[in-house]
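Peer 1: First, the structure itself, so that you have it in front of you.
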Amino acid sequence: MSTIAIVGAGTGLGAAVARRFGREGFAVALVARDQVRLDALARDLATAGVAARGYAADVRHGDALRRVLRDAAAELGPVEVLQYSPIPSRAFLKPVFETTLDDLAAAVEFSVLGSFTAVDAVLPAMRAARTGTIVFVNGGTAVRPRAGYAGTSVAFAGESAYAEILNTALAGSGVHATQLVIPGAITPEDPARSPETIADVIWELHTKHEGFRHFLTPMDPPEA
């Protein structure tokens, strides 16, 4: 059985993606910091017939993240899809003049080093199998930096650059790296922005392997 590993799994987008891929026969590795919440989510998914298991790790702790992704592959099946979508800390969403060096370093650890570690843990097996998808999910600051959100603006830019480099380097290998930019908030009540809609988009990114950067909805014009 193939596995999707969702780094940053929660009850919103993570659960919707888990259900979407579960319907297609994937096992689901749920990765986040809180084992109790992950176990509860896995039980909920099981009632819908989704084989899911929780693996607790902080994306800023590289050894732990690498270990749980390898454990997931050994216990559930090879990781064919990696989704990197942890929710940034509020400390990364400060205005630039309020952002400290520690805030910025943590944001880079979270978005750049964390994504690199996650990819490094699963990519060798994907390349050997000549199949796989790596999906980087980011907010709008990934492509349009904002002074009011300094940490994510800098860190998402680095993550985006890494993702695009991967996309280029993996061309023709059977493994595809792609980015989904979600401008604004995920809104369960809005059919265009609901977790279920986004899950369908991520499924299409996996099955079609087309292009690098995709937008859930168009970006608003930049402020004057």
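Nothing in this text is a laboratory measurement; each read-out follows from the coordinates by a stated rule. Since the structure is predicted, the reported quantities are computational estimates derived from the model, not experimental observations. Here the Cβ positions follow ideal geometry from the backbone for every residue, glycine too, while neighbour counts run over all protein chains shown.
Peer 1: Rounded to the nearest 500, what is the chain's calculated 222 nm mean residue ellipticity when only DSSP H runs of at least 4 contribute -39500 (n - 2.57) each, over all residues?
Peer 2: -14000 deg cm²/dmol
Peer 1: From the convex hull of the Cα coordinates of the chain, what is the mean projected area in square nanometres?
Peer 2: Across all orientations, the chain yields a mean hull projection of 12.1 nm².
Peer 1: Modelling each spin label as a point 7 Å along the Cα-to-Cβ direction, I'd like the residue 24/residue 212 distance in nm, to one decimal.
Peer 2: That separation, rounded to one decimal, is 2.3 nm.
Peer 1: Right, something else. If you scale each eigenvalue of the Cα gyration tensor by 5 and take the root, what three semi-axes come out for the range 156-224, rounded to whole angstrom and sorted largest first?
Peer 2: One finds semi-axes of 24, 17, 9 Å for the range 156-224.
Peer 1: Count charges around residue 20 for me, please; just the other residues with Cβ under 12 Å from its Cβ, Lys/Arg as +1, Asp/Glu as -1.
Peer 2: Value of the local net charge: -2.
Peer 1: Please give me the summed charge of the neighbours of residue 167: other residues whose Cβ is under 15 Å from its Cβ, Lys and Arg +1, Asp and Glu -1.
Peer 2: 0
Peer 1: May I ask you to sort 165, 182 by Cβ crowding, counting other Cβ atoms within 10 Å and putting the fewest first?
Peer 2: Listed from fewest to most nearby Cβ atoms, that is 165, 182.
Peer 1: In a Gaussian network model over the chain where Cα atoms closer than 10 Å are linked, find which of 36, 181, 59 has the largest mean-square fluctuation.
Peer 2: Result: 36 has the largest fluctuation of those listed.
Peer 1: With a 10 Å radius around each residue's Cβ, average the other Cβ atoms per peptide and rank 68-77, 145-154, highest first.
Peer 2: Listed from highest to lowest mean packing, they are 145-154, 68-77.
Peer 1: Let me ask something additional. Which value in nm describes the separation of the simple spin-label points at residue 58 and residue 169, placed 7 Å from the Cα toward the beta carbon?
Peer 2: Output for this residue pair reads 2.7 nm.
Peer 1: For the range 33-81, just say rounded, prolate or oblate: build the C-alpha gyration tensor, square-root its eigenvalues into a ≥ b ≥ c, call rounded for a/c under 1.5, and beyond that prolate if a/b exceeds b/c, oblate if not.
Peer 2: oblate
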